[in-house]
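Undergrad: My questions will all concern the structure given below.
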Amino acid sequence: MTTPIYQRTLEKAVSCSGIGLHSGKTVHLTLKPAAVNHGIKFVRKDLPDNPSIPARFNCVVDTSLATVIGSDGVIVSTVEHLMGCLAGLSIDNVIVELDSYEVPVMDGSAGPFTRMILEAGIREFETPRHFFILKEPIELEQDGKFVGAYPDNSFKITCHIEFEHPLIRSQSYTIEVVDHVFEREIASARTFGFLHEVEYMKHYGLARGGSLDNAVVIDENKVLNDEGLRYQDEFVRHKLLDCIGDFSLLGMPILAHIVTRKSGHAFNHAFLERFFNEKASWQTQTLIEPAVVPSKTVKSLAI
Ligand SMILES: [Zn+2]
């Protein structure tokens, strides 16, 4: 089980189309290979001069229904599943072209994006990746919500959710983001919603594209989708996907064990704010430089 230590991109461009969850409109999306140190950038091909927005923490403009990034009045909404997929596959540099303001929802999971990326192939550069490396834990807790990041030698993430619902209750899931773990265990987990919330959102003109084709919908005691769940704990696996997507907005991979409890996009974002305010708690380095080990004074024993 290993973490890629060199920067990665796609072998070739790949495209797909689907509808935007909130607009209900068809969106075309193309992922293109990008050079080293480019990072992930979203490009609005439908606007004059094709403005681009870096997928980074300081470009997040809204987290109420989805994670929305923006710059100079131009936005791209619902980036979290695609971002989760890119981070889950350890891909650092990509140009994401869109002809609308929303990433297509596809089937409500990262499965379709994962398949198209694996079909395109992954290219590794000779330039090393830079990682955030924690020197000490960073934690944020508020109103029963919690996010903590703990020093570790790989990227691990644990999500814990609690819902007063007989199908969900309390669920936890942990993965180490290495090798094929993401595509096998997380990529296909779909977003979920409660019937009353979906009806409420549609009433107010939101989630226009939302349907049983792109979300697990549950009423008081059952799943309304004919095919049922893809995993018995699909709910927490999807939350984990959302978290990987949100934490990828750090802008670089992190070697840490991130633990979240009852968190969502807004609270994950609040944690990122704390992370960048606690600069003494972390450093950035490649994994081919010698690790910085805190120096200890070794004293010879006086006998
Ligand atoms: Zn989601």
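The values are calculated or read from the model by the stated rules, or taken from the named source; none is laboratory data. For clarity, every value in this text was computed on a predicted model and none was experimentally measured. With ideal geometry, Cβ positions are generated from the backbone for all residues, glycine too; neighbour counts draw on all protein chains shown. Heavy atoms of the whole protein, side chains included, go into the accessibility calculation; ligands, DNA and RNA do not. Shrake-Rupley method; radii C 1.70, N 1.55, O 1.52, S 1.80 Å.
Undergrad: Could you tell me whether any residue of region 220-243 is among the aliphatic types (A, V, I, L, M), in a loop (DSSP other than H, G, I, E, B) and open to solvent by less than 40 Å² (accessible area, probe 1.4 Å)?
TA: no
Undergrad: Of everything in region 39-58 that's more than 30 Å from Lys202 (Cβ to Cβ) and open to solvent by less than 50 Å² (accessible area, probe 1.4 Å), which residue is farthest from the ligand (Cβ to nearest atom)?
TA: So the residue we want is Pro51.
Undergrad: Say we look at region 59-90 and pick out the residues that are in a strand (DSSP E or B) and more than 16 Å from the ligand (Cβ to nearest atom); which of these is most open to solvent (accessible area, probe 1.4 Å)?
TA: Val61
Undergrad: If I ask for residues that are in a loop (DSSP other than H, G, I, E, B) and either surrounded by fewer than 16 Cβ atoms within 10 Å (Cβ to Cβ) or of a type in the set (Lys, Arg) (or both), which ones from region 10-23 would you list?
TA: If the condition is that a residue be in a loop (DSSP other than H, G, I, E, B) and either surrounded by fewer than 16 Cβ atoms within 10 Å (Cβ to Cβ) or of a type in the set (Lys, Arg) (or both), then Glu11, Lys12, Ala13 are the ones that fit.
For every residue, the table says whether it meets (1) outside any loop (DSSP other than H, G, I, E, B); (2) open to solvent by 60 Å² or more (accessible area, probe 1.4 Å); (3) small (Gly, Ala, Ser); (4) out of contact with any helix residue (DSSP H, G or I) (no Cβ under 7 Å at 6 or more places or on another chain).
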residue: Glu136; (1), (2), (3), (4): no, yes, no, no
residue: Phe146; (1), (2), (3), (4): yes, no, no, yes
residue: Cys159; (1), (2), (3), (4): yes, no, no, no
residue: Glu162; (1), (2), (3), (4): yes, yes, no, yes
residue: Ser172; (1), (2), (3), (4): yes, yes, yes, no
residue: Val178; (1), (2), (3), (4): no, no, no, yes
residue: Glu183; (1), (2), (3), (4): yes, no, no, no
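Undergrad: Pairs under 6 Å by beta carbon, first residue more than 11 Å from Val177 (Cα to Cα) and in contact (Cβ under 8 Å) with a residue 24 or more places away in the chain in region 240-259, partner part of a helix (DSSP H, G or I) and away from the ligand (no atom under 16 Å from the Cβ), six or more apart or different chains?
TA: Leu249/Phe57
Undergrad: Only one of (1) assigned to a strand (DSSP E or B); (2) open to solvent by 20 Å² or more (accessible area, probe 1.4 Å); (3) in contact with a Lys or Arg (Cβ under 7 Å, 6 or more places away or on another chain) is not met by Gln7, so which one is it?
TA: (2)
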